[in-house]
Structure formats: C-alpha cells, structure tokens
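Asks: Before anything else, here's the structure in question.
The values are calculated or read from the model by the stated rules, or taken from the named source; none is laboratory data. This is a predicted model, so every value here is computed, not measured. Virtual Cβ from ideal backbone geometry, glycine too; neighbours counted across all protein chains shown.
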Amino acid sequence: MKNYKTGFYPRLAAGGIRKNKRMYLPYILTCVGMVMMYYIIVFLSLDDTISYLSGAATVKEALGMGGWVIAIFSCIFLFYTNSFLIRRRKKEFGLYNILGMGKKNIGRIIFWETLMIALLALGAGLSAGILFSKLAQLGLMNMIRGNVNYDVSVSLPAIIATIKVFGVIFLLLLLNGLRQIRFSTAISLIRSENVGEKPPKGNWALGGLGILILAAAYGIAVSIKDPVYALAVFFLAVVMVMIGTYLVMISGSVVFCRILQKKKNYYYKANHFVSVSSMVYRMKRNGAGLASICILATMVLVMISASASLYFGEENSIKSRYPREMNMDFRMEDFSGFSEENAGLLKERVSAVLTEQGIKPENEYAYRAALVVGHLEGITVETDVTKVNALDVISGICQFYFVPLSDYNAMMGTEKTLEEGEALLYTNRVEYDGDVVSFLRGKTFRIKEKIEKFADNGEMAMIVMDSMVLIVPDVEQAIQELQSSNPQVSDSLKWIYNFDTGVEKEEQIALQRALTDTFQDPSFRESYRLSNVSVENREMNRDDFYGLFGGIFYLGIILSIVFILAAVLIIYYKQISEGYEDQSRFEIMQKVGMTRREIRESINSQLLTVFFLPLLLAVLHLAFAFPIIRKILFLFNLNNPGLFVITTGISVAVFSLFYMLVYRITSNAYYHIVAMGKE
C-alpha cells in the first residue's frame, strides 16, 4: 500500500469522523465553544469602549486573567477528551495496520483528522465569537453600568491571538496522537478497548488517605477566622480538595462497589447484579471521570455563588468603603495639630466651604484617632513587626485606632466614663476574648466594655488587616511610650469627618473639588499642622466598584459556562464509552432471558449509584467552603451572610436541575447503545 491517489487520506479521515459522529460531534462542538469563549474574552479585554469607563483597568485585568484560564483549561480538557476519541479509534487503526498500512500512513490520517477538526473549530468558533461578541459586550456593559453603543466591530488582534493559542493546542493534540500510534503494536491497538478489564482491588489505604486529606481541607476552611489568612490558604485548601476527591473517587469507589457485592440482599437482584459487576471492572477510570465532574461542579458552584454575592451586594460594599457621600481624612503632623481645638477650627473651615456651595451637611460624624499597627498574639501586641515571624505576619497583623473618649461620647451620644488604664473596645473582622490588651512597647489597657457599634470607617473597610478601636481617656498619654519607641506613630494622627450632602452627583463632585482645593493650599496646611488631606466622594468612586464587581460576576459566568460544557462532555463520553463496553454484556444477558424493562432498571440502578455522587460531593465541598469564602468576601467589604446563603442556595438548585437534565439525556444515549446495539 505505497501509492495512494491524491485525496485518499483526507477521504479516510473524513469518513472516520463521519462514521464516529456520535463521538466526534460533541468534541467538535466543545472545541467550537472553547474557541468562541476565548475570542469573546480577548475581544472584550482589548475593546476600546471599555477603556473609557471608570474602573476599566480592573475589568481589563480580570478579563485578561480569564483569557489565560480559558486557554490553559482548554489545553488540559481537550487533551482529556481527545483520549476518548483516540481510544475509540485505536481498534480501527490496528485493523489498518494488519491490512498493510504503515504507521506513517496512519499518522497521515490522524494529521488530516486533526487538521479538519482544527479548521472547523477555528472557523465556526471565530464566526460564532464575532457574531456573539456584541451581545457579550452589551451584557458586560450592563453589569458594570457602562454606556451602551450598538456599533459592531471585529478585533483582528483577538482573532490572531485565538488562532495562535488553539493552533498550538491542536498541534499538541496531533503530536500526542502520533505518539500513541508510534509506540503501539497492531495487536495492542486491536485490543485497546479491552485493556483494563482485570478486576481492580480496593485500596483502603489510598481511600483512607483521601478522606483524611478532605477532612484536613474541611478543617482549614471552617476554622479560619482571619480574612487575610483565609485568602492565603484558600488555594492550598483547593488543591487538597482536588487530591482528596480523586483519591476517594478512584480508590474509595472500588471499595464501595466491593461492599455492595457483599450485601447479598442488594447485589443478587437482576437490576443490581449486572450494574455493580460492570462498574467494578472499570471503576479506576470511572472514578477519575467522576472526580473530574465533581471538581468542575464545585468550581462552577463556588464561582457563581461568590461572584453573584459580590455583584448583588455591591451597594453594601460601596457604603462600607465610603460610609457617607463625602469622606474626609486629615492627617496631622504632631499632637499640636491633633488637639480638640484644632479639630474644631478644621470643621469651621469645612462648614465655610459648604456654605459657599449652598450645602447643609447631613448624618455627619467626626472623631480623632491615632493609628498604630502591630502583631497581635493572644493579649499582647508587638509594634515592631521586624521582630515577628514572616509566616505570622500573614494572620496576626492588626491596626489599632486610639480614639478620645470625649469624641466617642459626642459622636455616639453617650456618657461613658473611663479610669486611667481603662478602655472601651470595638473590633472589626477579628474576634477578641481577652480582658486586657497589652502593648509590649507601651501600656496595658483593661477592657471595661466591648462595644457593639462604632462609626463606620472607610479605612477599616479598605485595608485588608483586622482592626481594633480602643476608646481611651487621653490618646496622647495612651500612646506616649509607643511613640518614643516607634516614631512612625506620630505620622498616624488623624481627624476623620464624614457627612452626607443631600444633593445630586454633579454638585457632590463640585463640592469635592472645592474642598480639595481649599485644603491643598500649603500655607493653610502649615497653619493647621496638616501633613495630608484626603477628600473622597462616594459617587465619584461608584463606577470603580461597578466595574470590579460587575467584571468579576461576568467573568464568573463565562468561566462557569466553559466548565459546565466540560462537565457535560465528560459525562457524555463516560456514558457513551461505557455503553459500548457494556453492550456485549447486555447482549449476553438478553440471550439468557433478561427483558428490556430489566435492562432499563439495571441501567438506572448503575447510573443512579454513581452518577449523583459527584453532585452530592460537590455540594458537600461547597458547604465546607462556605466559611472560608465568606471570610474572603470580607476583603471586598461584603458582610452579608444572608445574601451569600441565598445566592449559594439558588446556584445549587439551578445547577442540580441542569445536572438532572444532562443525566436524563445521557442515560437515554447509554440505554440505546446497550439495549438496541446501535452505533
């Protein structure tokens, strides 16, 4: 078979794809979907329309990261699914080899198959991406509250980037296919579908190790109280969950099947006997597929629930970061500027500007504070962080605000009293059970009362560290020793004044500019002993929040669609490949008297036994991940557990309905293969 006519290999390749369309069509559609999603993400990240919006840099950065995630995931996943196709075709290639076709000739068939699929996927995927890119742009602009235009455009750089990325992926798929043929004999190719039919042994050790790893990951998730530390260990917990899931699904599932076989009342029934005996022979590969489905389902549920909570709770986050419409922070050079008298003069100057603008402040509050940063361990605080272990810095760093009792009473309308060495305590993001707070380089304060409410502080919300407010009789006296050992304390004296205006956005922006111009005058700052003045307006920064949270939610939706497509394809191939493997077994059972109804019951028993395990385990993962995800949401100023519970519940319900729909469709495909004997 040396001299072939022109077009022989392309015809063989096209015929192979056509005859195996049940296997190839979902694979091609998935390739098209991956190409389309990647083009849309890159198109949006390069879109000039977004560049002119507030928060554009954040949105583009998130989209750029999403592009990399899709590219890497596409490579890994297409390799995974391509293995199903290669395994299915090896018998056919082995037959070609026995009939005299060399491996180089088989390689040419694989080359043309890969080229055809690549051209089809890139052509259809880019066409669909270009077609839906405008719709995707409109959806993103709606989420980030941007202005919509209806001009249609095509991004040549996005097309080139897509061709490059997927060109490399398909080249790697081709090389992998050629490698498998190159190192296989004709006999091994013919028998490829029967490889791995020896009964596997349940490995209690690996299954137990998987359970221990999952338990450790769950323990980390539920025990962490510090949001910063939660973010630091989140990815470690994710990796542990992935490893534990694979070990439990692969080794533990074999043990599970062996346990079912020992239960005579369950095993020796027509609908259970065939299903369990079939599963136990291929549970190693079956377990890996179930674990992959479980991981993908968990990723979808985590992304959608967390990003939806951020999106629908963005107003809550904005108000946490900017407690009032106008938020002012005056940084003093020393304690001469920190005096109550000087704070009163600053307020008079602000009032003068408000009068000029015709605005009367509403819901106002003001207080002085001295900020000290230290490492909290137990009841002691080390303010020299160079003496703290680098690993402890991640979780133990806390910022302490010393606030005068007189300012607190005036602001909160209370008449609290304190003796020397006493303090009132308010905590943010941290739980503190001690009766005293002892500064190693300063004083020790006895906590007279732990207060539940304090004025909202945008700086506490912005900084990812934990915060504690100590209300003391005299701030200068309270931190005098700290100041002598840490000169930087003198640079952290401030007066905070926040208020609402009751006017429209344009008037608020005008007021913000007037206040900034007033207090940026060097001579004025010198007279009031000011080192810095910050004037922030909520409305001016609102678009940045919309861009950040809207972009995260949009990216979560896009990535969830990609992962759902992947999960559906794994489920489909799992059902199809196992259907072909079980076909001969069910034919034998039919010959010995098994009815179609019994076949259907056996199939349902098999699918229900293992098919819903990934969903149940994914929901379990999500339940234990709930505390750590909630802590991470704190870093985005979102402290609304009720909203998170609702979005998580809706996400689980919708995904479960979709999962059952996929189950129904794929179980029918499996049934038709094993019961009807049809390709």
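Yes/no per residue for (1) at pLDDT 90 or above; (2) of a type in the set (Phe, Trp, Tyr); (3) assigned by TED's automatic domain parsing to the domain that holds Phe549; (4) within 29 Å of Phe658 (Cβ to Cβ):
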{"residue": "Phe256", "(1), (2), (3), (4)": "no, yes, yes, yes"}
{"residue": "Lys284", "(1), (2), (3), (4)": "no, no, yes, yes"}
{"residue": "Ser305", "(1), (2), (3), (4)": "yes, no, yes, yes"}
{"residue": "Asn327", "(1), (2), (3), (4)": "yes, no, no, no"}
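Asks: Considering only residues that are part of a loop (DSSP other than H, G, I, E, B) and charged (D, E, K, R), which ones fall in region 310-340?
Replies: Of region 310-340, the ones part of a loop (DSSP other than H, G, I, E, B) are 313, 322-325, 333-339.
Result: Arg324, Glu325, Glu333, Asp334.
Asks: Sticking with this one: Would you mind stating whether Ala653 is under 17 Å from the mean Cα position of the chain (by Cα) and modelled with pLDDT of 90 or more?
Replies: No.
Asks: I've got another one for you. Please return the ranges of helices (runs of 4 or more DSSP H) entirely within region 503-591 where 3 or more residues are modelled with pLDDT of 80 or more and closer than 27 Å to Leu140 by Cβ.
Replies: Ranges flagged: 505-519, 538-591.
Asks: Another question, if that's okay. List the pairs whose first member sits in region 151-168 and is closer than 16 Å to Ser45 by Cα and in the same structural domain as Ile130 (by TED's automatic domain parsing), whose second member is among the acidic types (Asp, Glu) and in a helix (DSSP H, G or I), and whose Cβ atoms are under 9 Å apart, counting only residues at least 6 apart or on separate chains?
Replies: Note: pairs meeting the criteria are Ser153/Asp48.
Asks: Sticking with this structure for a sec: Can you tell me which residue within region 206-220, out of those that are of a type outside the set (A, V, I, L, M, F, W, C) and closer than 16 Å to Ala288 by Cα, is modelled with the highest pLDDT?
Replies: So the residue we want is Gly210.
Asks: Quick check, is Phe524 more than 30 Å from Val42 (Cβ to Cβ), outside the structural domain of Ile70 (by TED's automatic domain parsing) and among the aromatic types (Phe, Trp, Tyr)?
Replies: On the way: more than 30 Å from Val42 (Cβ to Cβ): yes; outside the structural domain of Ile70 (by TED's automatic domain parsing): yes; among the aromatic types (Phe, Trp, Tyr): yes.
So Phe524 fits the description; yes.
Asks: Those residues that are within 35 Å of the chain's Cα centre (by Cα) and of a type in the set (Lys, Arg), I need them from region 434-458; list them, please.
Replies: Answer for region 434-458, where residues must be within 35 Å of the chain's Cα centre (by Cα) and of a type in the set (Lys, Arg): just Lys453.
Asks: Report, by residue number, each residue of region 443-497 that is assigned to a loop (DSSP other than H, G, I, E, B), touching a helix residue (DSSP H, G or I) at 6+ places or on another chain (Cβ under 9 Å) and modelled with pLDDT under 85.
Replies: Asp456, Val464, Met465
Asks: How do the pairs read when you match residues in region 610-626 that are under 14 Å from Ala237 (Cα atoms) and of a type in the set (Gly, Ala, Ser) with residues anywhere that are at pLDDT below 90 and assigned to a helix (DSSP H, G or I), using Cβ under 7 Å and keeping only pairs 6 or more apart or on different chains?
Replies: From region 610-626, the pairs are Ala625/Ala221.
The rows are residues; the columns are (1) without any contact (Cβ under 8 Å) to a residue 40 or more places away in the chain; (2) of a type in the set (D, E, K, R); (3) under 15 Å from Ile479 (Cα atoms); (4) not in a helix (DSSP H, G or I).
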| residue | (1), (2), (3), (4) |
| --- | --- |
| Asn342 | no, no, no, no |
| Lys360 | no, yes, no, yes |
| Ala369 | no, no, yes, yes |
| Val373 | no, no, yes, yes |
| Met411 | no, no, no, no |
| Glu431 | no, yes, no, yes |
| Ser438 | no, no, yes, yes |
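Asks: When you look at Glu481, is it touching a Gly at 6+ places or on another chain (Cβ under 6 Å) and in the same structural domain as Gly434 (by TED's automatic domain parsing), yes or no? So that I can check it myself, show each step before the final result.
Replies: Details: touching a Gly at 6+ places or on another chain (Cβ under 6 Å): yes; in the same structural domain as Gly434 (by TED's automatic domain parsing): yes.
Yes: the conditions hold for Glu481.
Asks: Please find, within region 417-442, the residue that is modelled with the lowest pLDDT out of those that are crowded, with 16+ Cβ neighbours inside 10 Å and polar (S, T, N, Q).
Replies: Here the answer is Asn428.
Asks: Select, from Glu362, Glu340, Glu315, the only residue that is touching a Pro at 6+ places or on another chain (Cβ under 9 Å), of a type in the set (D, E, K, R) and surrounded by fewer than 22 Cβ atoms within 10 Å (Cβ to Cβ).
Replies: Numbers: Glu362 fails: touching a Pro at 6+ places or on another chain (Cβ under 9 Å); Glu315 fails: touching a Pro at 6+ places or on another chain (Cβ under 9 Å).
Being touching a Pro at 6+ places or on another chain (Cβ under 9 Å), of a type in the set (D, E, K, R) and surrounded by fewer than 22 Cβ atoms within 10 Å (Cβ to Cβ) holds for just one of Glu362, Glu340, Glu315, which is Glu340.
Asks: Which pairs have Cβ atoms under 8 Å, sit 6 or more apart or on different chains, and link a residue in region 557-570 that is under 19 Å from Ala308 (Cβ atoms) to one that is aromatic (Phe, Trp, Tyr) and part of a helix (DSSP H, G or I)?
Replies: Final answer for the pair search is Val562/Phe73; Phe563/Phe73; Ile564/Phe658.
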